[in-house]
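For reference, the structure discussed in these notes is given below.
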Amino acid sequence: MADLREKIKTISSTKGDHAPESAKRIGLWVIAAMAAAVSILTFIIAIGLFRNGNWILAAIASLFFLLSAATAYVLAFPHKLNTM
């Protein structure tokens, strides 16, 4: 319990300009999960548009799906893991 209190004290003593690496990683994974959810919903919308015959809107939704899926991938798996 004292170890947990020490960690909380260390985190809260920062002035907001620095965050622990684990917190940064968790934050990026949360953003990546949200981007993945948006891409999945966009994919479902694109399939519905294709099935209803709205080819132009479906193509735009498919492009947005590809863009959001790529964004989720880049956020989930960054190229630089250690910046130091």
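Since every read-out is calculated from the coordinates, none of them should be taken as a lab result. The model shown is predicted, which means the values in this text are computed figures rather than measured ones. Don't worry about glycine lacking a Cβ; one is built from the backbone with ideal geometry, like all the others, and counts go over all protein chains shown.
Descriptive notes on the structure:
- Space enclosed by the convex hull of the alpha-carbon atoms of segment 32-78, per residue, Å³: 39
- Under Karplus coefficients 6.51, -1.76 and 1.60, residue-wise ³J(HN,Hα) of segment 55-72 in Hz, glycine/proline x: 5, 5, 5, 5, 5, 5, 5, 5, 5, 5, 4, 4, 5, 6, 5, 5, 5, 4
- Residues SER62, SER68, sorted so that the one with the fewest Cβ neighbours within 10 Å comes first: SER62, SER68
- Here the Karplus curve 6.51 cos²θ - 1.76 cosθ + 1.60, taken at θ = phi - 60°, turns the phi angles of segment 37-47 into couplings of 5, 5, 5, 5, 5, 5, 5, 5, 5, 4, 4 Hz, with x standing for Gly and Pro.
- Each other residue within a Cβ distance under 13 Å of ILE31 adds +1 if Lys or Arg and -1 if Asp or Glu, for a net charge of +2.
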